[in-house]
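Colleague: The structure that follows is given in the form of C-alpha cells.
The values are calculated or read from the model by the stated rules, or taken from the named source; none is laboratory data. These numbers come from a predicted model, not from an experiment. Reconstructed Cβ throughout: ideal geometry from the backbone, glycine too, with neighbour counts over all protein chains shown.
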Amino acid sequence: MMKMASNKQTSYVFVPGKNWKLSLAEVAAFLETRKCQFKIADLSKSFFTLTVEEALEPSLIGDLGGIIKIGWVMSRLSSETVVNAFLYAKKQAQEETEEEVSADYVADEAFKASSKKCVFGVSLYFEGRQFLRHAKEMQRFMGNYFKGELASRGVKARFMGFPRNRKLPQLTHVEVLKKGLIEKSAEILFCVGREQTYVAKTIAVHNPFEFQKRDVERPVQRKIFSIPPRLAKIMANLSSCAPGKVLLDPFCGVGTILQEAMLTKAQVIGIDINPWCVKASYTNLAWLKDEYKIEDRRYTVLLGDSRRLTDKVDVDSVDCIATEPDLGPALRHLPTESYARGIAGKLKPLYGSFLEGAYRVLKGGGKLVITSPYIRTRSGTFVTLSIEEEAERIGFSSSCPIERRFFVNETSLTEDLANMSSFVDIEERHKIGREIHVLQK
C-alpha cells in the first residue's frame, strides 16, 4: 500500500501500459480516493509526470494495474535544448544537456550501490515522432555520459544494449526485474515532453509474475470468460475501492475482481447465478488469503440473480461496485454489423435490470464501474451497448476520473480527458472488446 513521506512537491514519471488513458484514469482515481494532493504536470501517450505534496512509496505500483514503471524525477531541462542537441546536433546544446544533468547530481542520486562494478540501463520516452529516428542515438549519448560519470568514481560500468529489432530504446519491466536494476538504482528514464524533459530514476516496475500467479496459479480458472487480473485491479481502483470499503461484484465469475479488491483491504461480496462460479470464487478467495497471508480479510459469495440484486443485498449497503456482465458469445469470425447489433440487443435487458438494482444497493455517492461489449464488425465499424442513457434515467450520473482541476495546464487534450467517463479496451486481435463505464449514484 501507499505510504507518505515528508518531502514537498516531489515529481514522478509514470509509464503507462498500452491503454494510456485508462492508466491515467486509474492513477487519478487511486490518488484522489486516498486524498493524495497531486497535479498532472506533463502528459503524453508514453509517460505522464505528476507532482505530489508528499512523496510516494515505490510499493504503490503493486496497487495499480495499468502502470509499467514509476520514476522519481531527479532533474529536468528544456525540451528545446534536447531538440537542438539531438535533432539538430548542436554541440552547445549537447554540452548544456550534460551540464543540466550533472548540475543536479543525477549520477550521485542514481547510482548508490557501493560495488565497483555496475550494470545500468537508459530508457527513452518521448512525445513527438520526430525523435524516433534519433532515439537510439539519444540513448547511447546518455548511456555513455553516465558510464563516464561512473568511471570517474572508480566504477566499472556496463551499459545495457537492446536487440536490433527493438523499435524503441526502452528496457521492459521484465528486463528491469531480472537484472535487479531497481535494487541497484540502475535504470535512468529520459522522458522528453512538450516543454520539459525529465531525467528520472526508476523506483518501481510492474511485476507481471504476481498478476500471472493470481491468474494461472489459482486453483480454479476459466480462461475464455475471465477478466484479466490487471484490468480487474484497474476497475476496482476506478470504483474508488479502498481499505475498509465494501465492494460488490454481482457477476463475479471465478472471483478475479474480488481478489484484487481484497488485496486493497476491502470487504468483498460476490454474486453469480452459476453454482459452479460461486464455488470457484470461494476456492480462489480462500487460496488468496493463504497465499498472501491476509487472514483478516472478509468475503462473501452468494448464489443469486443479479437482475434482482435486492433479493441478496440490502439497499444503500455497498460503497462501490465493479463488475463485468455477459459480453456476448465467443466469436470465431468478425460479425456483420447487423449480427453485432443483434448481440447487443439481446444483452440490453440484462444490463437494464442490473442497473436498476445496482442503483438501489449503492450508498449515496458510490461508484459503479461496469464493462459492456465493444464489438468489431467486418466493415471496420464498432457496435456498442450504450448504457449511459438508461443509467441516467435510473438516477446515475457519469463520473469522469480525470478531473480538470488535476492539470497544471489546460489544453484541448486535457479538455477531452476531463470529459471522459468511459474507456475502450480492445486490441487488434480482439473481436469483442470492452467499454468501461464509470457511473456514480
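Colleague: Kindly provide the set of residues from segment 395-423 that are at pLDDT 95 or above, surrounded by fewer than 16 Cβ atoms within 10 Å (Cβ to Cβ) and β-branched (Val, Ile, Thr), ordered by number.
Modeller: The answer is none; no residue qualifies.
Colleague: Same structure, new question: Got a sec? Which of Ile182, Ile203, Ile227 is in a loop (DSSP other than H, G, I, E, B) and within 17 Å of Val122 (Cβ to Cβ)?
Modeller: Ile182
Colleague: Let me ask another. Which numbered condition trips up Ile188, out of (1) buried (at least 21 other Cβ atoms within 10 Å of the Cβ); (2) part of a helix (DSSP H, G or I)?
Modeller: (2)
Colleague: Can you tell me which residues in segment 364-416 are free of Cβ contacts under 8 Å to residues at least 60 places away in the same chain and part of a strand (DSSP E or B)?
Modeller: Within segment 364-416, Ile375, Arg376, Phe382, Val383, Thr384, Ser397, Ser398 qualify.
Colleague: While we're looking at this one, here's another question. So which residues in segment 164-186 are in contact with a strand residue (DSSP E or B) (Cβ under 7 Å, 6 or more places away or on another chain) and at pLDDT 90 or above?
Modeller: Gln170, Leu171, His173, Val176, Leu177
Colleague: I would also like to ask the following. How many residues does segment 263-294 contain that are in a loop (DSSP other than H, G, I, E, B) and closer than 18 Å to Pro219 by Cα?
Modeller: Residues in segment 263-294 being in a loop (DSSP other than H, G, I, E, B) and closer than 18 Å to Pro219 by Cα: 5 in total.
Colleague: Can you tell me which residue in segment 295-309 is surrounded by the fewest Cβ atoms within 10 Å (Cβ to Cβ), limited to those that are at pLDDT 95 or above and in a loop (DSSP other than H, G, I, E, B)?
Modeller: Asp305
Colleague: Hey, does segment 221-235 have a residue that's at pLDDT below 95, among the basic types (Lys, Arg) and over 14 Å from Ala322 (Cβ atoms)?
Modeller: yes
Colleague: Test each condition in (1) hydroxyl-bearing (Ser, Thr, Tyr); (2) part of a helix (DSSP H, G or I); (3) modelled with pLDDT under 95 for Ser338 and report the one that comes out false.
Modeller: The one condition Ser338 does not meet is (3).
Colleague: Same structure again: Name the residue that is farthest from Asn409 (Cα to Cα), counting only residues in segment 1-45 that are modelled with pLDDT under 95 and hydroxyl-bearing (Ser, Thr, Tyr).
Modeller: Ser6
Colleague: Mind telling me which of the residues Glu54, Glu32 ends up being surrounded by fewer than 19 Cβ atoms within 10 Å (Cβ to Cβ), in contact with a Ser or Thr (Cβ under 9 Å, 6 or more places away or on another chain), assigned by TED's automatic domain parsing to the domain that holds Met138 and in a helix (DSSP H, G or I)?
Modeller: It is Glu32.
The rows are residues; the columns are (1) in contact with a strand residue (DSSP E or B) (Cβ under 8 Å, 6 or more places away or on another chain); (2) of a type outside the set (Asp, Glu); (3) more than 19 Å from Arg434 (Cβ to Cβ).
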{"site": "Val278", "(1), (2), (3)": "yes, yes, yes"}
{"site": "Ala322", "(1), (2), (3)": "yes, yes, no"}
{"site": "Ser338", "(1), (2), (3)": "no, yes, yes"}
{"site": "Arg341", "(1), (2), (3)": "yes, yes, no"}
